[in-house]
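The values are calculated or read from the model by the stated rules, or taken from the named source; none is laboratory data. Since the model is a prediction, treat every value here as computed from it, not as a measurement. Cβ placement follows ideal geometry from the backbone for every residue including glycine, while neighbour counts extend to all protein chains displayed.
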Amino acid sequence: MATFVLVPGFWLGGWAWRAVTAELRGRGHEVHPVTLTGVAERAHLAGPEVGLETHTADIVRLIEVEELHDVLLVGHSGGGLPVAQAADRVPERVARVVYVESGPLPDGMSQFDSNPPEERSRLRAQIGDGHLLPPPAFDPAADPENLAGLDPATLALLRRRATAHPLRAATDPLRRTGGRAVPTALVASTIPLEVVEDMIAQGHPFFAGLAGGRLHALPTGHWPMLSEPTALADVLDRIARD
């Protein structure tokens, strides 16, 4: 069976993977859900110095201390950046990086850069001189595509448990050392695979790094670990067995 390390996206802790973790463990896999520094039960550790390197170290140290090998390193959304860096730092321990609603951004690009200019300006005005990125309202009327599949109870859970995210994790650029490349896979929920394939072919920075990777569709909203945990576990189990 496989060894999974599950890294959540912005504003979420390891709690978001609870149902997926139970499903995968029930199938015999070893699973390590991660809460990154400064978020969820580790929110008290947030500070202006916490950034992408901190979160990369969180993942690398878990892999090293737990003596994990042949890891399927899963990064959801904004978690895609620290898993990309972590795989670059310890490629000999990672069998595959799985991007869930994410992708291997190119060197020098930050998660913040992936937003259009008007959204970056809005967020900068909202944050001011602070060092935390506040969670969104999670309003399905305003964001129906990303919140698709979340029932009222799950939406309430998301609003209740989401915490502000260290800003530098979003604004720090991705930096690879140029070491051995690790195989990749993608689980796409809000973007059809044919669109992803076209973007890969065009060399789009969001997905160019997935060329040659395994692509899987899981149509739902942006948080499939909450909207379709069993289906997401099915896809991850399939990736582990390929």
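Can you go through Leu232, Leu155, Leu147, Leu226 and tell me which one is part of a helix (DSSP H, G or I), touching a Pro at 6+ places or on another chain (Cβ under 6 Å) and either touching a residue at least 24 places away in the same chain (Cβ under 8 Å) or farther than 27 Å from Thr56 by Cα (or both)?
The conditions single out Leu232.
Condition first: buried (at least 18 other Cβ atoms within 10 Å of the Cβ) and over 26 Å from Asp143 (Cα atoms). Now tell me which residues in region 201-236 satisfy that.
Passing the criteria: Gly209, Leu210, Gly213, Leu236.
Which ones in region 103-132 are in contact with a strand residue (DSSP E or B) (Cβ under 8 Å, 6 or more places away or on another chain), over 26 Å from Ala2 (Cα atoms) and modelled with pLDDT under 95?
Leu123, Ile127
Of all the residues that make up region 17-56, how many are in contact with a Lys or Arg (Cβ under 9 Å, 6 or more places away or on another chain) and either of a type in the set (Gly, Ala, Ser) or assigned to a loop (DSSP other than H, G, I, E, B) (or both)?
Selection size over region 17-56: 7.
Can you tell me which of Val31, Val20, Val100 is over 16 Å from Trp223 (Cα atoms), at pLDDT 95 or above and of a type in the set (Val, Ile, Thr)?
Just a single option satisfies the conditions, and that option is Val31.
Is it the case that region 165-177 has a residue that's out of contact with any Gly (no Cβ under 6 Å at 6 or more places or on another chain), assigned to a strand (DSSP E or B) and among the charged types (D, E, K, R)?
Scanning region 165-177, I find no residue that is out of contact with any Gly (no Cβ under 6 Å at 6 or more places or on another chain), assigned to a strand (DSSP E or B) and among the charged types (D, E, K, R), so the answer is no.
If you check Leu72, Leu68, Leu36, which single one turns out to be more than 17 Å from the chain's Cα centre (by Cα), of a type outside the set (Asp, Glu) and buried (at least 18 other Cβ atoms within 10 Å of the Cβ)?
Leu68
Take the residues in region 178-200 that are of a type in the set (Gly, Ala, Ser) and either at pLDDT below 95 or assigned to a loop (DSSP other than H, G, I, E, B) (or both), then tell me which one is nearest to Arg89 (Cα to Cα).
So the residue we want is Gly179.
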